[in-house]
1. Could you tell me the accessible area of Asp395 in Å² (1.4 Å probe, neighbours in place), rounded to the nearest ten?
2. Using a 1.4 Å probe and counting only protein heavy atoms, arrange Met432, Met450 so the residue with the most accessible area comes first.
3. Roughly what would the spin-label model give for Ser364 and Asn217, points 7 Å off Cα along C-beta, in nm?
4. Taking the Cα-to-Cβ direction at Glu257 and at Glu293 and moving 7 Å from each Cα, how far apart do the two end points lie in nm?
5. Calculate the FRET efficiency for Lys7 and Asn32 from the Cβ-Cβ distance with a Förster distance of 35 Å, rounded to the nearest 0.05.
6. Once you have the Cα-Cα distance between Leu93 and Gln278, take 0.36 nm times their residue separation minus that, and quote the gain in nm to one decimal.
7. Size of the stretch 365-441 along its principal axes in angstrom, Cα-based, largest extent first?
8. Please give the net charge around Arg235, taking every other residue with its beta carbon less than 14 angstrom from that of Arg235, where Lys and Arg add +1 and Asp and Glu add -1.
Amino acid sequence: MSSLIDKYNVPGPRYTSYPTVPFWNESGFTANEWITQLSKNFKLSNSTEGISIYIHLPYCESLCTFCGCHKYITKRHEVEEPYIDAVLKEWQLYLNIFSEKPIIKELHLGGGTPTFFSCNELKRLIKGIFNDAEKHENIELSFEGHPNNTTREHLQTLYNLGFTRVSFGVQDYDENVQKAIHRIQSFDQVAYVTETAREIGYKSVSHDIIYGLPFQNTETIINTVNKTAELMPDRISFYSYAHVPWIKGNGQRGFNEEDLPKSEEKRKLYELGRNLLQEKGYHEIGMDHFAKESDDLYKSFKNKKLHRNFMGYTAFKTTVLIGLGASSISDCETAFAQNEKDIKKYVTQLQNNELTVVKGHILSNNDLILRNAILDIICKFKVDLTLVYTMIPKDLLLNRLSEFLKDNLLFIENDTLIVTDLGKAFVRNICMAFDEYLIESNPKNQLFSMTI
Ligand SMILES: C=Cc1c2[nH]c(c1C)Cc1[nH]c(c(CCC(=O)O)c1C)Cc1[nH]c(c(C)c1CCC(=O)O)Cc1[nH]c(c(C)c1C=C)C2
Ligand SMILES: C[C@H]1O[C@@H](n2cnc3c(N)ncnc32)[C@H](O)[C@@H]1O
Ligand code: SF4
């Protein structure tokens, strides 16, 4: 095993999109082209599938030094009102583009910290979004809550607005680890928000935990997983710590690199955590994700309906995903578009009634074939290669996969690639064999975190 880790621990994308963001065709991309692609795909899919919405709420009161998300740290809550105004303005601009009333199938509030916002501002946001939209009969609304500032009032207000899923950042329960990541958070607080959510009627509560953080060892991981299982969340994200200090402004600092578990140690922490989670009745449904059998995500995985987008794994797929808010990414199947990251610029531009799309990518037919192949690998651990061969000649692809075949990470049967149990941990590496942009570019600067 250790030799496999040395061999496959290389920088690699997490494939929340294909092509991955660093390879988007920025120069040839304009907001107008995005609108053209979006209008076309919206018309084709809204009445049958509905659309998904992701809203990025980028504020936090305190900086966690491990965090790779796009956020701004402040205690000045005056920022809430103009930000929500901007998001509602952005939604209005999209409504002007759509040919009919959008039917919302999924809406997710992510961050940053959605529970940084007051109940009134959150209510104003959601009511504003639904003002000119219809709700799909199976609509799913979800949000990310910080256990330290999620109140009963937050949970009740959002529940009354239709939210039935919540995920809480837990990360780790060990005191030394919490100090190192600048995030002190008690088990009692997590228990309180988890139990309150259940009591109010939420049908799915999820916890995020991370392996590979500074000062973690087998003992701390066992403790964190046991405590997590004690509260019986319906889903658990068990993330590999992504060390990406070169991404500007994410604040990943405050601990020494030598305090981080090294690759082989990190791998052991994952295996230990995974085995414990499985003993407790959780199933590994995809990269980093575990769910109880009763959870929709598990059922979706079983029925081969699981999908992955910028929001993570979802139980259903919609062709159109609109990302609102600073740095958010939208996806309409044939194109991606990303908003301005700078919050001030984002707000100002919307005050001037302009969409803030700063970069994007139009997918070619070849991109679409490879995108679907990569999605199948990370959602089903299985892919039919027939179409892929029209793009990457069979010999060449088999050559790229030969080491994985030799190491028993996958096998191929009737032109279908199947990832083995051993291979599941190396799924990012397997996807890289299909990533024409990455292979062609052979990047000199590190763009992605390590795969292990
Ligand atoms: C709550 C914050 C978010 C998490 N994921 C996203 C958000 C907004 C969406 C997202 N994640 C990545 C990208 C870039 C596109 C791509 O690579 O395909 C987007 C739009 C990838 C990513 N996520 C993290 C990092 C450091 C990176 C880039 C480098 C890499 O691929 O390693 C950190 C991170 N963010 C989230 C998680 C769960 C996570 C690490 C496990 C949540
Ligand atoms: C939304 C979730 O993303 C996870 N998260 C945020 N930043 C990182 C990172 N650098 N590495 C791994 N996971 C991360 C946290 O667990 C958070 O709760
Ligand atoms: S982990 Fe959550 S609370 Fe901490 S900085 Fe990141 S977004 Fe903010």
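The values are calculated or read from the model by the stated rules, or taken from the named source; none is laboratory data. All figures in this text were calculated on a predicted structure; none of them were measured in a lab. As a convention, Cβ positions derive from the backbone with ideal geometry for all residues, glycine included, and neighbour counts pool all protein chains shown. The accessibility values were calculated without ligands, DNA or RNA, using every heavy atom of the protein model including side chains. Shrake-Rupley method; radii C 1.70, N 1.55, O 1.52, S 1.80 Å.
1. Accessible area, nearest 10 Å²: 130 Å².
2. Largest accessible area first, the residues go Met450, Met432.
3. 5.2 nm
4. Here the answer is 4.6 nm between the modelled labels.
5. My answer for the efficiency is 0.15.
6. Numbers: separation 185, 0.36 × 185 = 66.60 nm, distance 4.60 nm.
That pair, Leu93 and Gln278, stretches by 62.0 nm at full extension.
7. Its Cα atoms span 31, 27, 23 Å along the three principal axes.
8. Charge balance in the 14 Å sphere: -3.
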